[in-house]
Amino acid sequence: AWIGWTADSKNILAKIGWHGEEHICSIPRAGGKFRQLTSGNAIHSIGSFTSDGKSCAMMIGCATAPPEIFVGKVGNAKIKTKQVSFENTTWCQEHAIATPKDKWITSKDKTKIHCWIIKPPKEVKQKKSKPAVLQIHGGPHAQYGWAFFHEFQCLASSGYTVVYSNPRGSKGYGRDYCGAIRNDWGGADWVDMQAVIAMMQKDKNINAKNMGVMGGSYGGYMTNWIVGHTNEFRGAITDRCVSNLVSMGGNSDFADKEDGYFGGNFWSRPEDRWRQSPIRHFGNVETPMLIIHSEGDLRCNIEQGEQVFAALKLRGIEAR
């Protein structure tokens, strides 16, 4: 999030995420409709302003190139930009970069879900096995979209189709969409992820028997939830994950108050948190998993990943 005043103090400028894009908008101090001052499938960020408030430093990026620095001239209707850094120009010319395509799908409860698909770039021959990876973002209140993801590009250049989406809980689609999973992780978000998985299985460029799933933080949570509810994936990577919301309540640096975001508490009324904990379903897991975690992660303590590893090992499921 970012906000700042215009030079005449009549408007507030704010960075707003919407449908996978990030734009600078102008909001009248006296109220009324806001104006979007930037456009396009891109990510816009603002730095400092000149003393007269008429120009600003900006960073703009897109899905096919890492961000560069721009100078923005702030007007009432739009911000005119001029690129001043070209740090990644040569790099982009020397590498095969795939262009994502977005599409909207509908979940079983008629919710519209925004998805992106990155196919291997034309310079790379797609593998005969047509492998695909489902990537899930963290947050959960964040958004995927039109930014440059080096990890996705590396996978695409290795012959994988990469799929990512903004299920309910994501930002960029309104307050109610974002708040739909409050105290209900594994609810509406899982409904939406099932629609994304079904889309992948129907894609002629994807071998439905050769799919992987991965994500970090909340993305690790949803990866854990998915393998506990379906065996459709050949392998999974859970990174800095959340697996047990009961134990996490007492060892995360983000201690949720009693009856706050989640219902109850983690000491005497843990039912809501246990209901939403993926580890509860690990008796069903058959998917081989790679667990990645950091001892220095204070938000999602390493014990969250250790529980996943221990449960899999005790059940004889391949894990590393």
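Numerical summary
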| item | result |
| --- | --- |
| Mean Cβ count within 10 Å, highest first, over the residues of peptides 190-199, 61-70 | 190-199, 61-70 |
| For segment 120-133, 3J(HN,Hα) per residue [Karplus equation, 6.51 cos²θ - 1.76 cosθ + 1.60, θ = phi - 60°, Hz, x = Gly/Pro] | x, x, 4, 6, 10, 7, 5, 5, 4, 6, 6, x, 9, 10 |
| Using θ = phi - 60° and Karplus 6.51 cos²θ - 1.76 cosθ + 1.60, couplings along segment 208-218 (whole Hz; Gly, Pro as x) | 4, 9, 9, 10, x, 9, 7, x, x, 6, 4 |
| The chain - accessible surface per residue (Å², probe 1.4 Å) | 51 |
| Share antiparallel - DSSP beta bridges, segment 13-83, percent rounded to 5 | 95 |
| Segment 14-66, dipole about Cα centre (Lys/Arg Cβ +1, Asp/Glu Cβ -1), debye to the nearest 20 | 220 |
| Under Karplus coefficients 6.51, -1.76 and 1.60, residue-wise ³J(HN,Hα) of segment 247-254 in Hz, glycine/proline x | 5, 4, x, x, 10, 8, 6, 10 |
| Interchain or long-range residues, amide H under 5 Å from Cys241's placed H | Ser217, Gly305 |
| Selection from Gly40, Phe70, Val133, by position along the positive dipole direction of the chain (Cβ) | Gly40 |
| Where chymotrypsin sites (Phe, Trp or Tyr not before Pro) fall in DSSP loop in segment 1-66, at most 16 other Cβ within 10 Å | Trp2, Phe34 |
| Theoretical ellipticity at 222 nm over the chain - DSSP helices of four or more residues, -39500 (n - 2.57) apiece, nearest 500 | -6000 deg cm²/dmol |
| Ordering of 283-289, 137-143 by burial proxy (mean other Cβ atoms within 10 Å per residue, highest first) | 137-143, 283-289 |
| The chain - percent of accessible surface contributed by carbon and sulfur, probe 1.4 Å | 53 |
| Alpha carbon centroid spacing (whole Å) that separates segment 1-18 from segment 224-290 | 37 |
| Net charge contributed by nearby residues that have their C-beta within less than 14 Å of Lys80 (K/R +1, D/E -1) | +4 |
| Segment 169-203 versus segment 74-118: alpha-carbon centroid distance in Å | 21 |
| Histogram of C-alpha separations across the chain, 20 Å bin width, % | 29, 54, 17, 0 |
| Cut-off under 5 Å, modelled amide H: who pairs with Gly139 long-range | Tyr218, Gly219 |
| Total charge dipole magnitude, the chain, about the Cα centre, Cβ charges on Lys, Arg, Asp, Glu only, Debye to nearest 20 | 1180 |
| DSSP-assigned coil residues among chymotrypsin sites (Phe, Trp or Tyr not before Pro) in segment 249-279, each with at most 16 further Cβ atoms within 10 Å | Phe254, Tyr261, Trp267 |
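The values are calculated or read from the model by the stated rules, or taken from the named source; none is laboratory data. Fair warning: this is a prediction, and the values are worked out from it, not measured in the lab. All Cβ positions, even for glycine, are placed from backbone atoms using ideal geometry, and neighbour counts span all protein chains on display. Only protein heavy atoms, including side chains, enter the accessible area calculation; ligands, DNA and RNA are left aside. Shrake-Rupley method; radii C 1.70, N 1.55, O 1.52, S 1.80 Å.
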